[in-house]
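Q: Pasting in a structure now, in structure tokens, and then I'll have a few things to ask.
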Amino acid sequence: MGKQIGIKTQFSDGVFVLPVEDETISTRDRVLVESDTGSEVADVVIGQVEGSQLPFPGRVKRILRRLGSQDEQWLATLQDREREAMRYARRKARALGLEMKVSKVSMDFDGERGTFYFTAPQRVDFRELVRILARKFHIRVEMRQIGVRDEAALVSGLGPCGKTLCCGGHMEGFPPINVKMARDQGVEPNSSSATGMCGRLKCCLRFEYEGYTEESGKAGGCGGCSAKKAKKGGADDQPDGRIVLRGPESSPGSTLTME
């Protein structure tokens, strides 16, 4: 069986696995793929592996090719069109008195279809807005209402830790987070330090929860890494004041000594 690679599209929560014929495609390359909605650009996040090791996806059908310099130039043009479309859609939504916020616009690689992501406190009758946008940009328009956490993931940015937002980076989906997780870590749920850019409880409270519950609030994690107290061997199995930071399963851990 041939090789497969794992790819991640811009607005997907998970990794799609597809067979690949070009043996030169590797991790961090960008490729053009065919999906149910048209052509999309994807990032290669898993290098080539034997085909029998990973399952096939559903929505993404096949890899068309690796992106070249001309493709990158066309992508820059599309991004300019997306920004223009978002500004125009926001102005027209205000003019129509629609209680909605257009958060992001994504056009397919052919430039024939545009998806407008928006947030709104309730259902919105956007039919007139769709007609205006279709006439202006000569594209097929799709309006997609999203939640505030989805908006933060789409827009992304930097969190107070100085790293890319978890939801806009390594996360796949949104893990459940509750008030108890914050209180167990000594964080007041109603404080600004407990909420992220979306206004909801920070996702990192979920990642660090296990470490805090195991070590009585003295160990935590950061981002997509897990951080747990390193323990001595023996019957007591007590923590010895070290923290082991672990990344991917294949990478060795780093040990830090707490003063």
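The values are calculated or read from the model by the stated rules, or taken from the named source; none is laboratory data. Note that the structure is predicted; figures quoted are calculated from it, not measured. Heads up, the Cβs are rebuilt from the backbone with ideal geometry, glycines too, and the neighbour counts pull from every protein chain shown.
Q: Taking V49, is it in a strand (DSSP E or B), loosely packed, with under 15 Cβ neighbours inside 10 Å, outside the structural domain of V141 (by TED's automatic domain parsing) and among the hydrophobic types (A, V, I, L, M, F, W, C)? Before you say what the answer is, go through the steps one by one.
A: Numbers: in a strand (DSSP E or B): yes; loosely packed, with under 15 Cβ neighbours inside 10 Å: yes; outside the structural domain of V141 (by TED's automatic domain parsing): yes; among the hydrophobic types (A, V, I, L, M, F, W, C): yes.
Yes, satisfied.
Q: Taking the stretch 93-102 only, how many residues are under 23 Å from the mean Cα position of the chain (by Cα) and buried (at least 20 other Cβ atoms within 10 Å of the Cβ)?
A: 2
Q: Going by what's in this entry, would A153 be described as in contact with a Pro (Cβ under 6 Å, 6 or more places away or on another chain) and not charged (D, E, K, R)? Outline the logic, then answer.
A: Working: in contact with a Pro (Cβ under 6 Å, 6 or more places away or on another chain): no; not charged (D, E, K, R): yes.
It is false that A153 is in contact with a Pro (Cβ under 6 Å, 6 or more places away or on another chain) and not charged (D, E, K, R).
Q: Answer yes or no: is there a residue in the stretch 173-185 that is modelled with pLDDT under 75, surrounded by fewer than 17 Cβ atoms within 10 Å (Cβ to Cβ) and out of contact with any Lys or Arg (no Cβ under 8 Å at 6 or more places or on another chain).
A: Yes, that holds for at least one residue.
Q: Mind listing just one residue for me: the one in the stretch 13-37 that is loosely packed, with under 15 Cβ neighbours inside 10 Å and within 24 Å of A153 (Cβ to Cβ) and, of those, modelled with the highest pLDDT?
A: Once the filter is applied, the top-ranked residue is T27.
Q: Across the stretch 23-51, which residue is farthest from Q10 (Cα to Cα) among those that are of a type in the set (S, T, N, Q) and out of contact with any Asp or Glu (no Cβ under 8 Å at 6 or more places or on another chain)?
A: T24
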